[in-house]
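The structure appears below as structure tokens.
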Amino acid sequence: NPGNNLHISGLSTEVDDRELEATFAKVGRITKAQVVYDPHTRESRGFGFVTMETPEEADAAVTALNNTELYGKAMTVAKACSHKFSCCAVLTSFQARRGRARTPTPGKYFGPPKRRPRMSTYFELIVL
């Protein structure tokens, strides 16, 4: 991410790509605006992404449009970071705390122990 990709959350379900683009066009030039939709219901999932022309315009959009209302809901605008790097940061901090990797469990796991009826009780029922 060169710094011009923005993540917008808290969108109303009524907002589509054109309205998102029109909102951010007031601040600067836009390369792409996209609302994320659920693949099954085709309804908005309440967040989207906007790519600005330059990182400076992205910074201006964050300061101008963060916590502003669009269709009655306050949207949050932040710079999008790639999922790969954020997970690596969490993993490295976790490994730094632990000091070493976990050792794998030896052998096979066959699930929880099986409950078998006690044989003495079974034979006592037959005899009685």
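The values are calculated or read from the model by the stated rules, or taken from the named source; none is laboratory data. Because the structure is a prediction, the values reported are computed rather than measured. Quick note on the areas: whole protein, heavy atoms, side chains included, nothing else; ligands and nucleic acids left out. Shrake-Rupley method; radii C 1.70, N 1.55, O 1.52, S 1.80 Å.
Want the number for THR54 to ALA25: 0.36 nm per residue separation, take away the alpha-carbon distance, what's left?
That pair, THR54 and ALA25, stretches by 9.1 nm at full extension.
Any idea of the accessible area per residue across the stretch 1-52, 1.4 Å probe, to the nearest Å²?
57 Å²
By how many nm would the segment from TYR109 to HIS40 lengthen if fully extended, with 0.36 nm per residue of separation less the alpha-carbon distance?
21.2 nm
Could you grab the relative contact order for the stretch 1-68? Cα pairs under 8 Å, six or more apart, rounded to a whole percent.
Computed value for the stretch 1-68: 41 percent relative contact order.
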